[in-house]
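Working notes, structure below.
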Amino acid sequence: MLRAKTLLTFSRLRMVEKLACRTCSSQAGSKKPNRKYATLAAAEPFLSGSSSVYVEEMYAAWQNDPNSVHKSWDAYFRQIQDGAAPGTAYVRPPTLASTGVAPPQSSTGAQTTQLTTTQPVSDQLIEDHLSVQSIIRSFQLRGHHSADLDPLGIYKPSMENLEPSTFDEQDLNRVFRLPDTTYIGGSEPALPLKDIISRLKSIYCNHIGVEFMFINNREQTDWIKERFEKPGILKFENEEKRLMLARVIRSQRFEEFLARKWSSEKRFGLEGCEVLIPCMKTVIDSSSALGAESFVIGMPHRGRLNVLANVCRKPLEKIFCQFDSKLEAADEGSGDVKYHLGLSVERLNRVTNKQIKIAVVANPSHLEAVNPVVQGKTRAEQFYRGDTDGKKVMSILLHGDAAFSGQGVVYETMHLSDLPAYTTHGTIHIVANNQIGFTTDPRSSRSSPYCTDVARVVNAPIFHVNADDPEAVMYVSKVAAEWRSTFSKDVVIDLVSYRRNGHNEIDEPMFTQPLMYKQIAKTPTVLAQFAEKLINEGIVTQQEYEEEVAKYDNICEEAYRLAKKEISISNAEWLDSPWEGFFDNRQAMVVPKTGVKEEVLKHIGEVFSTPPENFTIHNGLKRILKGHMQMVNDNTADWALGEALAFGSLLKEGIHVRLSGQDVERGTFSHRHHVLHNQVLDKDTYVCLNHLYKGQAPYTVVNSSLSEFGVLGFELGYSLTNPNSLVLWEAQFGDFANTAQCIIDQFISSGQAKWVRQNGIVLLLPHGYEGMGPEHSSARLERFLQMSNDDPDYFPKESDDFDIQQLHEINWFVGNLTTPANLFHALRRQIYLPFRKPLVLMTPKSLLRLPEARSPFSEMVEGTSFQRMYPETGIAAQSPAGVKKVIFCTGKVYYDLVKEREKMDLESSIAIARIEQISPFPFDLVKEEILKYPGCRLAWVQEEHKNMGAWFYVEPRMRTVLRKIASTDPSKERMAFKKFEYIGRYPSAASATGNKSKHLWEFSEFMKHAMSLT
């Protein structure tokens, strides 16, 4: 296509020239022929009107200043002006050969193929130059497919489609001027074709495969070309090579030491990819030199212990004692296996002599699940440091090859990389490419050529490198660090290696990969190869090498002796997110009062309800804001206003609030409207809550990408960084949290038990049965309750600090709230508790606008606090003797029950209590409510199906309450056997029906049952 367009242009110009010459000949008798108008007039049959004017304007500009037009047009106009013969006025563009310069002499004495300003251009010559350009581009584009990347030599690269097939020996000796799209010549402007091809092979088909030509930015692709194409790039000083060797020694000898001492233990060692440690250390060294001070690392289990030892410099004795199964933890938490643990450390970088901070985030066996957590933690640290361009804080993510291509969260995380509210300004990804996934061959584990192809979607360059060439690895590591610093974009280092052992140290890989492991057995280690190379080069001696090995072995032995003296292990030593000073001077067992002054509520409400001046908002929003202002004047709040009052009061107190999720700015149900959009000006928005008080904390509210797993992980990581911030994630519909279940199960519900890592993230999950079908009804309340760790058979000791003790001991809080006031207090309590626990809230849909579901400001002012349960307060409570039935419930169904009770005129016969905080269960309040109505029937009513909702959580705890009543009062011993009735929908496989009439029938049936007194 390129050649066809080029020749078409040549033909058109030649026609112009011929016609120009004819015109000039007809004007031979004229003293001053007007060459300009003759030429352009002759050209008009072959140029469009706009093109003719354009050429005419160029010619006029050229006459004033020849440098004002491109060199090719300058030469063309000069040739026409000087009366060039037909077909000779066109001069080739300078990308094929420069104009007006002497041909450079080849060092081989070969003749240079060069176009000059006076040479006619032959089609063959043009085609030859274009072919040379095509060869160069082919290597840049596809050379990585032919690179020698496999250290085992199983994959044989081919030069197919790269080497020219139409050039003979004479052509290979011809000298071609190099285009400006390559740097292979260095300071030489031209090279023989054979040297061009030789250099391209050395650059693109050796131990480094550079994959970058898909990037749609010329500056970035030129930057990469310059880093890899310039001659002599892989030259290191002797000291650098000695440092590389020392790092490879430490990496390999650490694994060998563990293998000797604990041969039957799983440790997921690095054997076969030992170069990962020097790679990471070079990335950190180079980034530190470029200004980075803090590194947040996420990685799977392979090589984690080695990273902790040799990158983070965790004391070896602390690592070794984790192998002693007899040692118990001296602090809280059940702990986790050693290759899942995290770490946070500050140390001196000896290469740059700068102080750096390294955090390795704890991760379960879900290999890539940590990716978004790391990104959120990094983004938060950048935010609190004011590091707006990410120069000081950066993330490094390590991957396995099979997981990188197979896990969807990789894609979700990648797509956060350039989003304004989620970017970390570039991540360096390092793939420990085993060329196998557990026992699965790559041909069965991915459809793409490389495991790294997912990175192409965000234009991240990918540097494939043979992991048995430490010098090549070190070079790409330096380039990756420089790329990230220069362009603030992701980059991938693909360490093509192998796995010397099986999936773990006690696995037998020969069962499934016999040929690969026969080759592995014959392959010397990278240390053996590199040491031999440096010894042969005279950079180190055999004695120096052996002394370095012995030195590190002695360090390991000494640490082993110290580890044997340990009497216990401390889970807190493996904390990846320490909060310095947070737990100091806090009253651990005091329930905080979370109310605020009424004038604060009014001020926040007024600002929240008032759009800015000279800002055009939607007419529907005007009505909504007017309604909010009326509520403020009436000292009352609906759900949206209650949430805004909670956020605003925290912002006033210096607490950063961040809310993200799908469509959170407006709210899925069009209730929130925290971001106002100017109806007449694009991208003009206004966030009222950022304009409450001078010096307030910033409020961040952002619509996320359509991701749950990735975004919830990100917000979790964000919440880990600063305990004095309120971080919330809202699902568009509650059961959309299904696709984030890995983050919920592995990090949020169990993170403190496994890794002593508290966090106060809030999950807002819209929940309620309004006939919207199985995917838009249930937030799966039952799943969260099942993962609560309180004992259903244990009634906690009753005391003044009953509430706070429960909150301290449980793993998280689960609530289904019914009032804006309780939402207000629940959100503020997250900050004012002396510890941090996740909060899971079943948030409403229909209650957002239900007039009955409003709260007066009197329930939010000073002296008020969160209500774990609302007891009956109506007629039934005033005359308890006449009550025949006590209903316990939670959430939206409370308002349905109250309405039905009123319709049936049963206010004096049925008492209704609503449990707001389901977990931890309010044993004391439930007991107190039951004792108010002795002898009454007891029932639990829920709108969810029987096998869902809170029933299976509440029922055994209600039995515990009844046994407690019976045990403390002999006259009530029969209470232990009292029936506790279930009222609700029948069991179902789907969370709700999709048929509206069936939904209404189910509702009417369990309402009849609830109101029945027989």
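The values are calculated or read from the model by the stated rules, or taken from the named source; none is laboratory data. Everything quoted here is computed from the prediction, not taken from an experiment. When we count neighbours, we look across all protein chains shown, and the Cβ atoms used for this are built from the backbone with ideal geometry, even at glycine.
Numbers at a glance
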quantity	calculated
Qualifying residue in the stretch 651-664 (condition: touching a helix residue (DSSP H, G or I) at 6+ places or on another chain (Cβ under 9 Å), touching a residue at least 12 places away in the same chain (Cβ under 8 Å) and in a helix (DSSP H, G or I))	yes
Only one of Ser477, Ser447 that is of a type in the set (S, T, N, Q) and touching a residue at least 40 places away in the same chain (Cβ under 8 Å)	Ser477
Some residue of the stretch 231-242 being over 24 Å from Gln529 (Cβ atoms), of a type in the set (D, E, K, R) and assigned to a loop (DSSP other than H, G, I, E, B)	no
Residue check for Val476: under 27 Å from the mean Cα position of the chain (by Cα), closer than 30 Å to Ser444 by Cα, surrounded by 16 or more Cβ atoms within 10 Å (Cβ to Cβ) and aliphatic (A, V, I, L, M)	yes
Residue in the stretch 498-513 that is touching a Leu at 6+ places or on another chain (Cβ under 7 Å) and among the polar types (S, T, N, Q) present	no
Complete set of residues in the stretch 865-886 that are closer than 17 Å to Phe647 by Cα and either among the small types (Gly, Ala, Ser) or touching a Gly at 6+ places or on another chain (Cβ under 6 Å) (or both)	Ser865
Search result, residues across the stretch 755-779 that are in a loop (DSSP other than H, G, I, E, B) and either among the β-branched types (Val, Ile, Thr) or out of contact with any Leu (no Cβ under 8 Å at 6 or more places or on another chain) (or both)	Val756, Gln758, Ile761, Tyr769, Glu770, Met772, Gly773, Pro774, Glu775, His776, Ser777, Ser778
Hits in the stretch 801-860 (condition: basic (Lys, Arg) and under 22 Å from Asn724 (Cβ atoms))	Arg828, Arg829, Arg836, Lys837
Any hit, the stretch 431-446, residues being at pLDDT 90 or above, buried (at least 16 other Cβ atoms within 10 Å of the Cβ) and under 30 Å from Asn703 (Cα atoms)	no
Filtered residues of the stretch 208-222 (kept if among the acidic types (Asp, Glu) and either part of a strand (DSSP E or B) or in the same structural domain as Val454 (by TED's automatic domain parsing) (or both))	Glu211
Test: residue in the stretch 257-276 that is touching a Pro at 6+ places or on another chain (Cβ under 6 Å) and of a type outside the set (Asp, Glu)	yes
The stretch 139-189, residues that are assigned to a loop (DSSP other than H, G, I, E, B), polar (S, T, N, Q) and surrounded by 13 or more Cβ atoms within 10 Å (Cβ to Cβ)	Thr181, Thr182
Checking Lys593 against (1) at pLDDT 90 or above; (2) basic (Lys, Arg); (3) farther than 24 Å from Cys279 by Cα; (4) outside the structural domain of Met631 (by TED's automatic domain parsing), the condition it does not meet	(1)
Filtered residues of the stretch 274-316 (kept if assigned to a helix (DSSP H, G or I) and touching a His at 6+ places or on another chain (Cβ under 9 Å))	Arg304
Conditions (1) exposed (fewer than 15 other Cβ atoms within 10 Å of the Cβ); (2) closer than 19 Å to His767 by Cβ; (3) among the hydroxyl-bearing types (Ser, Thr, Tyr); number of the one not met by Ser967	(2)
Residue in the stretch 612-634 that is modelled with the highest pLDDT, counting only those that are surrounded by fewer than 16 Cβ atoms within 10 Å (Cβ to Cβ) and part of a loop (DSSP other than H, G, I, E, B)	Asp634
Test: residue in the stretch 388-406 that is free of Cβ contacts under 8 Å to residues at least 24 places away in the same chain and not assigned by TED's automatic domain parsing to the domain that holds Gln741	yes
Filter pass, Ala779 being buried (at least 24 other Cβ atoms within 10 Å of the Cβ), over 20 Å from Cys889 (Cα atoms), among the small types (Gly, Ala, Ser) and in contact with a helix residue (DSSP H, G or I) (Cβ under 8 Å, 6 or more places away or on another chain)	no
Residue, surrounded by the fewest Cβ atoms within 10 Å (Cβ to Cβ), within the stretch 261-317, restricted to residues that are at pLDDT 90 or above and acidic (Asp, Glu)	Glu293
Test result for Ala472, free of Cβ contacts under 8 Å to residues at least 60 places away in the same chain, outside any loop (DSSP other than H, G, I, E, B) and on the phi < 0 side of the Ramachandran plot	no
The stretch 557-589, subset over 37 Å from the mean Cα position of the chain (by Cα) and not in a helix (DSSP H, G or I), residue modelled with the highest pLDDT	Lys564
Residue match in the stretch 972-986 (condition: under 27 Å from Pro851 (Cα atoms), of a type in the set (Gly, Ala, Ser), crowded, with 23+ Cβ neighbours inside 10 Å and at pLDDT below 95)	no
Enumeration of residues in the stretch 254-268 that are in a loop (DSSP other than H, G, I, E, B) and within 35 Å of the chain's Cα centre (by Cα)	Glu265, Lys266, Arg267, Phe268
Residue, modelled with the highest pLDDT, within the stretch 504-538, restricted to residues that are part of a loop (DSSP other than H, G, I, E, B) and buried (at least 18 other Cβ atoms within 10 Å of the Cβ)	Gln513
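Quick grid of which residues meet (1) part of a helix (DSSP H, G or I); (2) surrounded by fewer than 22 Cβ atoms within 10 Å (Cβ to Cβ):
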| residue | (1), (2) |
| --- | --- |
| Ser405 | yes, no |
| Leu416 | no, no |
| Thr423 | no, yes |
| Ser448 | no, yes |
| Val465 | no, no |
